[in-house]
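Participant: Below: one structure in structure tokens.
The values are calculated or read from the model by the stated rules, or taken from the named source; none is laboratory data. Just so we're clear, the structure is a prediction, and the values are computed from it rather than from any experiment. Neighbour counts run over all protein chains shown; Cβ positions are idealised from the backbone, glycine included. Surface accessibility is based on the protein's heavy atoms, side chains included, excluding ligands, DNA and RNA. Shrake-Rupley method; radii C 1.70, N 1.55, O 1.52, S 1.80 Å.
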Amino acid sequence: MALLEVENLKIYYFTREGAVKAVDDVSFSVDRDETLGLIGESGCGKTTAVFAIMRFVAPPGRIVGGKIIFDGNDIITMSNEEIRLLRGKGIAMVFQAAQNALNPVMTVGKQITEVILEHERITKEESWERAKRQLELVGIGSERVKNYPHEFSGGMKQRVMIAIATACNPRLLILDEPVTGLDVIVQRQLLTLINKLRKELRLPIIFITHDLSVIAETCGKVAVMYAGKIVEQASTVSLYENPVHPYSQALIRAYPSIKGEKRGLKSIPGAPPRLINPPIGCRFHPRCPYAVNICREEEPIFRKKNGHLVACHSIK
Amino acid sequence: MALKGFASFAIRKAIAAIITIFAIVCVNFLIFRMVPGDPIRMMFRDPRITAEQMQLVREKFGLDKPLWEQFNCYLTELFQGNLGISFWQKRPVLEVIADRIPQTLLLVVTALAIAVILGTILGAIAGWKTGTKIDSFILGISLTLYSVPTFCMGIIFLLIFAFQLAIFPLGGISTAASGLTGFGYWKDVLWHMFLPAISIVLWYGGEYVLLTRSSMQDASGQDYITTARAKGLKESAVLRNHALRNALLPVVTITGVNLAFAVAGIIEAETVFSWPGVGRLVYDAVMKRDYPLLQGTFLVFAVAVVLANLVVDLIYGYIDPRIKVGKSE
């Protein structure tokens, strides 16, 4: 059994206008020693899906169906105390925009020791030693343990976040757009660090991004999300070389390639649908150049093609 | 190094405070010269006083001299701690004010301390549980209390608890000619203090609830709260160490400014309950057209506000690490 198995997960936001189907029937799994990339446009439900793994879905949002099995236990039916003990220890998370993710009036050392002291029975002195080691692990001098977040740059704050997330040796690490909003050089450094940690700590990772190149750097497996649904799952290399779903194809065409031949970039016409009233049939059909009648009527099921799992009617 | 930085920060703030106080002294001086009417005529409303006698008094107070010289004289005397003579009490102004300060400190410090503690706790709860029934309940009550003027609440309390039910005294700080001493005397003072203190607590408590609630709401929506939860911290630790710690920063500011009232007194409450403090003194000085006394109380009030702000600035440099304390490199 895989480390994490998400099955038919449905998360709806209940608004005055109706239920927003932010995540609709999503399934994926992460094995030990595996890195899964979750890619899609803003608002496609990727963050909502992983927030559910931490059980961070708050009203008006609600998990209305499905299972999230982590290490044999269903996260959705856990007690509040069980999920609390899992957070930080079993599953750790690094958020987008580290600028605001650290408490501005607490030293970074305190913010690291806090999570260690919550989950492990060690003395304060030992926890500060651990905090220093964590900082060195992410490439920050241990003498900065008493510094405050505002004394660090954006990239360094994100390093501190990674130090916090890996402090208790979690069994799964979730990175929610960890390099978004940072300049490319800092992005590169952070991705190198993440790859190093992944290898050294043998850490399974779920990596959320809307940046294809970031996925290529880090992930073995990719799931492409569109409008609350996963449309294609494949190994990263295979997805780049032979995308099957028209949306995956369009996504890759919309991105510049440095190594390959020079080609024009193509944007995807139209905009993602509103999830209160998603299109009937395949949710991508209004923007799909290959759409035929069945796409407007019936929801596609997953089929295998070239080792890809694809939800598209064009595959027979 | 850090201490040196803090010292230079403190010195800069102190110099700014001194300049502010000097400006206040100038304005304070000018305001009372611009008030219509002759202060000497105010002093003696007796038809038998002759013009010569009035002129003599005028010379004695230096009021015959040009404005510039008067100002010069005022400053010189001020530096020697002489705020003039009260028309009404015929005693040095400083002495009159100093007599009232202990009573005001007793009432205002006690009431404000209770208001701050109760207000922040209730406000924090309301802000943390925004949208719940307990939030609506706390918010409703504090909005109501905050919108009722202190004097109005005071009069209602007097009417009900002192007049109708007669369980509290109508005013003053102690029972006249009671002959009480020691513990009995202090019990009597506390009994007199109850109503004025409660009306201050309710009004200022409402203010603190509203303030803490909104800054708590702000803090609890921040990303670092999600981070704290992602660490698996207990909800109480998230609240205390992360949300409250940040939410209390604006509360400190308001508390500092309100502390100025500890010296200056709260005019409405002290007047309604005849509490012999500085606030009541201001009211009496206005009613008696006692210009030197009024000028003195204004100065004390202004200096108290400036000093309270100075203290807040200094504390802030300490509790909020983002405020760089005198880093010049």
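Participant: What's the number of the only condition in (1) in a strand (DSSP E or B); (2) at pLDDT below 90; (3) of a type in the set (A, V, I, L, M) that A:A58 fails to meet?
Facilitator: Among (1) in a strand (DSSP E or B); (2) at pLDDT below 90; (3) of a type in the set (A, V, I, L, M), A:A58 violates only (1).
Participant: Since A:V105 meets every condition but one in (1) of a type in the set (A, V, I, L, M, F, W, C); (2) more than 9 Å from chain B (Cβ to nearest Cβ); (3) in contact with a Phe, Trp or Tyr (Cβ under 8 Å, 6 or more places away or on another chain), which condition does it not meet?
Facilitator: The single condition A:V105 does not satisfy is (2).
Participant: Let me ask something else about it. If the Cβ limit is 6 Å and pairs must be 6+ apart or interchain, which residue in the stretch B:170-189 that is touching a residue at least 60 places away in the same chain (Cβ under 8 Å) pairs with which residue that is among the aromatic types (F, W, Y) and surrounded by 10 or more Cβ atoms within 10 Å (Cβ to Cβ)?
Facilitator: B:G171/B:F273
Participant: Kindly establish whether A:I53 is over 26 Å from A:Q249 (Cα atoms), out of contact with any Leu (no Cβ under 9 Å at 6 or more places or on another chain), buried (at least 17 other Cβ atoms within 10 Å of the Cβ) and aliphatic (A, V, I, L, M).
Facilitator: For A:I53, the condition - over 26 Å from A:Q249 (Cα atoms), out of contact with any Leu (no Cβ under 9 Å at 6 or more places or on another chain), buried (at least 17 other Cβ atoms within 10 Å of the Cβ) and aliphatic (A, V, I, L, M) - is not met.
Here is a yes/no grid of residues against (1) of a type in the set (A, V, I, L, M, F, W, C); (2) touching a residue at least 24 places away in the same chain (Cβ under 8 Å); (3) in contact with a Pro (Cβ under 6 Å, 6 or more places away or on another chain):
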position: A:C219; (1), (2), (3): yes, yes, no
position: A:A223; (1), (2), (3): yes, yes, no
position: A:S238; (1), (2), (3): no, yes, no
position: A:E241; (1), (2), (3): no, no, no
position: A:L251; (1), (2), (3): yes, yes, no
position: A:I294; (1), (2), (3): yes, no, no
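Participant: Do you know which of the residues in the stretch B:234-271 that are crowded, with 24+ Cβ neighbours inside 10 Å and of a type outside the set (G, A, S) is nearest to B:M216 (Cα to Cα)?
Facilitator: First, the residues of the stretch B:234-271 that are crowded, with 24+ Cβ neighbours inside 10 Å: B:242-243, B:247, B:261, B:264-266, B:269-270.
So of that shortlist, the ones also of a type outside the set (G, A, S) come out as B:242, B:261, B:266, B:270.
On the way: B:H242: 10, B:F261: 25, B:I266: 28, B:E270: 32 Å.
My answer is B:H242.
Participant: Also: Only one of B:A98, B:A111 is open to solvent by 50 Å² or more (accessible area, probe 1.4 Å), in a helix (DSSP H, G or I) and assigned by TED's automatic domain parsing to the domain that holds B:I200; which?
Facilitator: Only one candidate passes the filter, namely B:A98.
Participant: Something else about it: Here is a list: B:G232, B:G182. Which entry is in contact with a Lys or Arg (Cβ under 6 Å, 6 or more places away or on another chain) and on the phi > 0 side of the Ramachandran plot?
Facilitator: B:G232
Participant: Okay, moving on. Where in the stretch A:209-307 are there helices (runs of 4 or more DSSP H), lying wholly inside it, with at least 2 residues that are at pLDDT 85 or above?
Facilitator: A:236-241, A:246-253, A:293-297
Participant: Assuming A:A19 fulfils every condition listed in (1) under 26 Å from A:Y240 (Cβ atoms); (2) more than 14 Å from chain B (Cβ to nearest Cβ) apart from one, which condition is it?
Facilitator: Of (1) under 26 Å from A:Y240 (Cβ atoms); (2) more than 14 Å from chain B (Cβ to nearest Cβ), only one is false for A:A19: (1).
Participant: Conditions: (1) in contact with a helix residue (DSSP H, G or I) (Cβ under 9 Å, 6 or more places away or on another chain); (2) more than 14 Å from every other protein chain (Cβ to nearest Cβ); (3) more than 30 Å from A:T48 (Cα to Cα). B:Y185 meets all but one. Number of the miss?
Facilitator: (1)
Participant: Right, another one. Please indicate, with yes or no, whether at least one residue in the stretch A:71-90 is buried (at least 22 other Cβ atoms within 10 Å of the Cβ), touching a helix residue (DSSP H, G or I) at 6+ places or on another chain (Cβ under 6 Å), within 14 Å of chain B (Cβ to nearest Cβ) and closer than 27 Å to B:A219 by Cβ.
Facilitator: Yes, the stretch A:71-90 contains a residue that is buried (at least 22 other Cβ atoms within 10 Å of the Cβ), touching a helix residue (DSSP H, G or I) at 6+ places or on another chain (Cβ under 6 Å), within 14 Å of chain B (Cβ to nearest Cβ) and closer than 27 Å to B:A219 by Cβ.
Participant: Would you pick out the residues in the stretch A:1-46 that are of a type in the set (S, T, N, Q) and out of contact with any Leu (no Cβ under 9 Å at 6 or more places or on another chain)?
Facilitator: A:N8, A:T15, A:S42
Participant: Kindly state which helices (runs of 4 or more DSSP H) lie completely within the stretch A:74-189 and contain at least 3 residues that are touching a residue at least 12 places away in the same chain (Cβ under 8 Å) and closer than 21 Å to A:T47 by Cα.
Facilitator: So the answer is A:98-101, A:154-165.
Participant: Taking the stretch B:146-174 as the search range and keeping residues that are open to solvent by less than 60 Å² (accessible area, probe 1.4 Å) and of a type in the set (S, T, Y), which one is nearest to the chain's Cα centre (by Cα)?
Facilitator: Residue satisfying both the conditions and the ranking: B:T150.
Participant: Look at B:L3 and say whether it is loosely packed, with under 13 Cβ neighbours inside 10 Å, among the hydrophobic types (A, V, I, L, M, F, W, C), at pLDDT below 85 and part of a helix (DSSP H, G or I). So that I can check it myself, show each step before the final result.
Facilitator: Numbers: loosely packed, with under 13 Cβ neighbours inside 10 Å: yes; among the hydrophobic types (A, V, I, L, M, F, W, C): yes; at pLDDT below 85: yes; part of a helix (DSSP H, G or I): yes.
Against the criterion (loosely packed, with under 13 Cβ neighbours inside 10 Å, among the hydrophobic types (A, V, I, L, M, F, W, C), at pLDDT below 85 and part of a helix (DSSP H, G or I)), B:L3 qualifies.
Participant: If I filter the stretch A:11-30 for residues that are without any contact (Cβ under 8 Å) to a residue 24 or more places away in the chain, part of a loop (DSSP other than H, G, I, E, B) and under 22 Å from A:N277 (Cα atoms), do I get at least one hit?
Facilitator: Of the residues in the stretch A:11-30, the ones without any contact (Cβ under 8 Å) to a residue 24 or more places away in the chain are A:16.
Filter again for part of a loop (DSSP other than H, G, I, E, B), leaving A:16.
Now drop any that are not under 22 Å from A:N277 (Cα atoms), which leaves A:16.
So far as the stretch A:11-30 goes, yes, one or more of its residues are without any contact (Cβ under 8 Å) to a residue 24 or more places away in the chain, part of a loop (DSSP other than H, G, I, E, B) and under 22 Å from A:N277 (Cα atoms).
Participant: Exactly one of these conditions fails for B:A126: (1) out of contact with any Pro (no Cβ under 8 Å at 6 or more places or on another chain); (2) outside any helix (DSSP H, G or I). Give me its number.
Facilitator: Among (1) out of contact with any Pro (no Cβ under 8 Å at 6 or more places or on another chain); (2) outside any helix (DSSP H, G or I), B:A126 violates only (2).
Participant: If you go through the stretch B:237-256 one residue at a time, how many are within 16 Å of A:N103 (Cβ to Cβ) and free of Cβ contacts under 8 Å to residues at least 60 places away in the same chain?
Facilitator: Matching residues across the stretch B:237-256 total 7.
Each row is one residue, and each column tells you yes or no for (1) more than 24 Å from A:V23 (Cβ to Cβ); (2) crowded, with 18+ Cβ neighbours inside 10 Å.
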| site | (1), (2) |
| --- | --- |
| A:S248 | no, yes |
| A:R253 | yes, no |
| A:A271 | no, no |
| A:L275 | no, yes |
| A:R287 | no, yes |
| A:Y290 | yes, no |
| A:I294 | yes, no |
| A:E298 | no, no |
| A:F302 | no, no |
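Participant: I'm checking my understanding of the structure. Among residues of the stretch B:262-281 that are out of contact with any Phe, Trp or Tyr (no Cβ under 9 Å at 6 or more places or on another chain) and not in a loop (DSSP other than H, G, I, E, B), which one is modelled with the lowest pLDDT?
Facilitator: The selected residue is B:A262.
Participant: Sticking with this structure for a sec: Tell me, yes or no, whether the stretch A:193-211 has at least one residue that is surrounded by fewer than 20 Cβ atoms within 10 Å (Cβ to Cβ) and under 30 Å from A:G281 (Cβ atoms).
Facilitator: Yes, there is a match, as at least one residue in the stretch A:193-211 is surrounded by fewer than 20 Cβ atoms within 10 Å (Cβ to Cβ) and under 30 Å from A:G281 (Cβ atoms).
Participant: Condition first: of a type in the set (F, W, Y) and either open to solvent by 40 Å² or more (accessible area, probe 1.4 Å) or under 27 Å from B:P276 (Cβ atoms) (or both). Now tell me which residues in the stretch B:58-95 satisfy that.
Facilitator: Selection gives B:F61, B:W68, B:F79, B:F87, B:W88.
Participant: Okay, next question. From the list A:G264, A:G307, exactly one residue is at positive phi and surrounded by fewer than 17 Cβ atoms within 10 Å (Cβ to Cβ). Which is it?
Facilitator: A:G307
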